[in-house]
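For reference, the structure discussed in these notes is given below.
The values are calculated or read from the model by the stated rules, or taken from the named source; none is laboratory data. Values in this document were obtained by computation on a predicted structure and should not be read as measured data. Virtual Cβ from ideal backbone geometry, glycine too; neighbours counted across all protein chains shown.
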Amino acid sequence: MAQTSAKPAITPTGPPLPLIGKSDTKPTWCPGCGDFGVVAAVEMALKKLQIPSHNVVIISGIGCSSNLPHFLNSYGFHAIHGRSLPVAEGIRWANHGLTVIGTGGDGDGFGIGVGHFIHTMRRNVDMTYVTMDNQIYGLTTGQASPTSTIGQKTKSTPNGVIEHPIDPISLALASGATYVARGFSGDVKQLADLVAGGIQHHGFSFVDVFSPCVTYNKLNTFDFFRQRVYKLESAGHDPGDIVAAFARSLEWGDKIPIGLFYRTERPTYEDLEEVLSAGPLALQKSGLKGQDALLDEFV
């Protein structure tokens, strides 16, 4: 089946609704939290792409970062811990004309939600997933997360972490994501460009973000990353080379890469699922006959 980038969203009647903007709900993050940069980057990306707010749905799980849908004037869904991606998939398949963005943290996405993370990528669902990766559980006041580094002392590991950390970029490359990027909330402009590129991409787009927790993680700070990050585009990296992308993803130390690691094109789940070929499910007729009698059997 041929690929298509058309997104036939449900469009309300009457005057056009505004572009994305801030909602009336004010962020409750700690002053200086890296997540402020992420919500700004998502807003900038959607404004750059001129996507009306009524065509955007932002879904999150549980955690400090997962409050993000509350702070923008799009549609939003605050799911349970680790379950943002199956909810996002359901919304995407119900109306694959909508721009669907998942947001969350390293605990939500790479801990309890890691199974959904892998399977959404291998299906190549046409959506964008932005994670605020602070290497700590912030909402529950400072326990080790799946991306905490070996030896890191936290509330739950006073003698240091002994588990090997998950590498989200390598995992995404191995699981079939077709757009894999990493940003830094201390560089909002580059991050906004990466998010916009992910939204425009036809396939599953993953943007992992170094988003420092200024309250509970005193190791992976803004200064820590500013001294180490370098941009892949300035290093001559070819995002079409998956072998080079894997090699870059393993870099951690004095130099840590940010930017677009990998991008490719292949059919999405929506392209291949015949039920969706007739258009968004939300706009299709149910085709049921005698549904009243059927429902009566369950009453």
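Numbers for the structure displayed
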quantity: Residue in the range 155-171 that is more than 15 Å from Val114 (Cβ to Cβ), surrounded by 21 or more Cβ atoms within 10 Å (Cβ to Cβ) and touching a Leu at 6+ places or on another chain (Cβ under 9 Å) present; calculated: no
quantity: Out of Gly37, Gly82, sole residue that is modelled with pLDDT under 95, surrounded by 15 or more Cβ atoms within 10 Å (Cβ to Cβ) and either among the hydroxyl-bearing types (Ser, Thr, Tyr) or touching a strand residue (DSSP E or B) at 6+ places or on another chain (Cβ under 9 Å) (or both); calculated: Gly82
quantity: Hits in the range 105-119 - residues which are part of a helix (DSSP H, G or I) and crowded, with 24+ Cβ neighbours inside 10 Å; calculated: Asp106, Gly107, Asp108, Gly109, Phe117
quantity: Which numbered condition Ile80 fails, given (1) farther than 30 Å from Thr221 by Cα; (2) free of Cβ contacts under 8 Å to residues at least 60 places away in the same chain; (3) outside any helix (DSSP H, G or I); calculated: (1)
quantity: Test for Leu295: is it surrounded by 16 or more Cβ atoms within 10 Å (Cβ to Cβ), outside any loop (DSSP other than H, G, I, E, B) and not aromatic (Phe, Trp, Tyr); calculated: no
quantity: Residues that are buried (at least 20 other Cβ atoms within 10 Å of the Cβ) and over 14 Å from Thr131 (Cβ atoms), drawn from the range 188-200; calculated: Ala192, Asp193, Ala196, Ile199
quantity: Residue in the range 216-233 that is within 30 Å of Asn55 (Cα to Cα) and not aliphatic (A, V, I, L, M) present; calculated: no
quantity: Which listed residue is in contact (Cβ under 8 Å) with a residue 60 or more places away in the chain and small (Gly, Ala, Ser), from Ser145, Ser156, Ser175, Ser185; calculated: Ser185
quantity: Total residues in the range 275-289, condition on the phi < 0 side of the Ramachandran plot and either touching a residue at least 24 places away in the same chain (Cβ under 8 Å) or surrounded by 16 or more Cβ atoms within 10 Å (Cβ to Cβ) (or both); calculated: 6
quantity: Per-region count, the range 219-267, residues of a type in the set (Asp, Glu), under 20 Å from Gly151 (Cα atoms) and in contact (Cβ under 8 Å) with a residue 12 or more places away in the chain; calculated: 1
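Each row is one residue, and each column tells you yes or no for (1) touching a strand residue (DSSP E or B) at 6+ places or on another chain (Cβ under 9 Å); (2) at pLDDT below 95; (3) among the basic types (Lys, Arg).
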site	(1), (2), (3)
Ile166	no, no, no
Ala172	yes, no, no
Gly176	no, no, no
Tyr179	yes, no, no
Arg182	yes, no, yes
Gly186	yes, no, no
Gln190	yes, no, no
Phe210	yes, no, no
Thr215	no, no, no
